[in-house]
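Have a look at the structure below before the remarks.
The values are calculated or read from the model by the stated rules, or taken from the named source; none is laboratory data. Please read these numbers as outputs of a predicted model, since none were measured by experiment. All Cβ positions, glycine included, derive from the backbone under ideal geometry; neighbour counts span all protein chains shown. Ligands, DNA and RNA are stripped out before the accessible areas are found, and what is left, the full protein with its side chains, is counted by its heavy atoms. Shrake-Rupley method; radii C 1.70, N 1.55, O 1.52, S 1.80 Å.
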Amino acid sequence: MKQLNQTVAAIAPSATLAISSKAAELKAQGLKVCAFAAGEPDFNTPDCIKVACERALDAHKTRYVAAAGLPELRVALSEKLAKENGALYDPTQIVVANGGKHALSQVFQTMLNPGDEVIIPTPYWLSYPEMVRVAGGTPVFVETRVEDGFLMRPDQLEAAITPRTVAVVINSPSNPTGMMYTPAQLRVIGEVAIAHDLWVVSDEIYEKMVYGEVEQASMASFGPAFYDHTITVNGFSKTFAMTGWRLGYAAAPKPFAKALASLQSHMASAPNTFAQWGAVAALKEAAPDVTKMVAAFAARRDRIYELVSAILGVRCAKPQGAFYVFPNIMSFGLGSLEFASRLLEEQHVAVVPGVAFGNDRCIRLSYACSMENIEEGLARMAAFCAGLKR
Ligand SMILES: *Cc1c(COP(=O)(O)O)cnc(C)c1O
């Protein structure tokens, strides 16, 4: 066999794979596994969205649409971005893709030349580094500290910038930490990026999962210079429990959006037509459903944080958004993979080792699960930790 593309061949298989296959094995044996590994809402897609999609199918809306997305959806997104995010994008500046992940990977492909550097704060969402590498770029990691709420300080950003730096990735609220930049902190990060003429790739996928401590803000809303340097990325998966629909989008300054749309026209033709009709309804009709889901997440956040923090030897910053907690388990002297493997083996609790996100001292628990699962799983984790040496 001929050699594969070197960058693709070097992509590390996800560190979470071993854990999820072990969890599946335990379940197949009939054991009750408490799962905290999910990266998606546990709610069903709201009915109003499904009905709109069914209507689109019945009306034979099954053909290709414009490569950059259904015009009606881009108009609705333009209105949403103006009203909710304070960022004025013309519909032609918005590219709807097959998920936020697809939008992000095409953004990096549009942006990067070989050897260009992209600054990624650690812990990071595990796909960013691979997306950057596949696009020919080089990820540059900035390690954030729990003392700083896992937020990158502006001086850390400054120190990581080189003549090759092209962009910085900001994900607030964050997967995996659940932490958020305040609007003031976000603005300072943006100012540094502007001063060095960098792009800010602003992944706002968790914008609605916020619980009152920190106000969510969009980088592009701070003013013209911020807007000119920002690519706003978002999607339907998390807000509307639409992970399997595969719809996300990027909004960008005109020349960037034009190049991005051309790329997508060759890579994907267009996103799924009837799914996009569902997305129009999501934006126009599903706000009450979102409010209910966010309220459920808020109650779970409070409870899981309380239970995790009560475990002796575990340190946890209180997450302000998304649906994850990211406790530090360092005091037990185990790496995150060993901790997670043994927790699964001994107590049948599935969590994601922090090493998957570039931090081996923590584990990630998702609270996109029932309150009962939280109660029982955390009791089991407490028993597990009590049996470990500190
Ligand atoms: C889930 C997620 C996405 C996008 O998911 P899609 O299903 O592809 O829309 C993007 N960024 C982060 C940080 C996520 O957790």
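Things worth noting here:
- Charge dipole (debye, nearest 20) of the stretch 265-353; +1 at Cβ of Lys and Arg, -1 at Cβ of Asp and Glu: 240
- Dipole magnitude for the chain: about 620 debye, using +1 per Lys or Arg Cβ and -1 per Asp or Glu Cβ, origin at the Cα centre.
- Between the residues Ala386, Ala9, Pro224, the greatest Cα displacement towards the positive end of the dipole of the chain, with unit charges on the Cβ of Lys, Arg, Asp and Glu, is found for Ala9.
- Here Lys284 is the anchor, and the lysines within straight C-alpha reach of less than 18 Å, apart from those fewer than 8 places off in the same chain, are Lys50, Lys80, Lys83, Lys208, Lys238, Lys292.
- Using the Cβ-Cβ distance between Ser309 and Val8 with R0 set to 51 Å, the FRET efficiency works out to roughly 0.80.
- Note on Glu158/Leu388: beta-carbon distance plugged into 1/(1 + (r/R0)^6) with R0 of 41 Å gives a FRET efficiency of 0.55.
- Summarised in one figure, the compactness ratio Rg/Rh of the chain, Cα atoms and Kirkwood Rh, is 0.96.
- Whole-number Å³ per residue for the convex hull built on Cα positions in the stretch 116-170: 64
- When the Cα positions of Gln264, Ala167, Gln93 are compared along the charge dipole of the chain, Gln264 comes out farthest toward the positive end, with charges on each C-beta of Lys, Arg, Asp and Glu.
- Gain upon complete extension [Lys254, Asp197; 0.36 nm per residue less C-alpha separation]: 18.8 nm
- Computed Rg/Rh of the stretch 1-53, alpha carbon atoms with Kirkwood Rh: 1.21
- Pairwise label distance in nanometres, Ser265 with Met371, each label 7 Å out on the Cα-Cβ vector: 5.3
- Taking the average, over residues, of other Cβ atoms within 10 Å as the packing measure, peptides 362-370, 339-347 rank 362-370, 339-347 from highest down.
- Rounded tilt (10° steps) of 287-309 against the dominant C-alpha axis of the chain: 30
- Ligands, DNA and RNA left out, the accessible area of the chain computed with a 1.4 Å probe is 55% carbon and sulfur.
- Proportion of all alpha-carbon pairs of the stretch 197-297 beyond 22 Å (%): 41
- Kirkwood hydrodynamic radius over Cα pairs of the stretch 21-131, then Stokes diffusion coefficient at 20 °C and 1.002 mPa s, in µm²/s: 117
- For the stretch 107-232, the fraction of alpha-carbon pairs in successive 10 Å shells from zero, as %: 13, 48, 34, 4, 0
- Convex hull of the stretch 233-390 built on C-alpha atoms - directionally averaged projected area, nm²: 11.7
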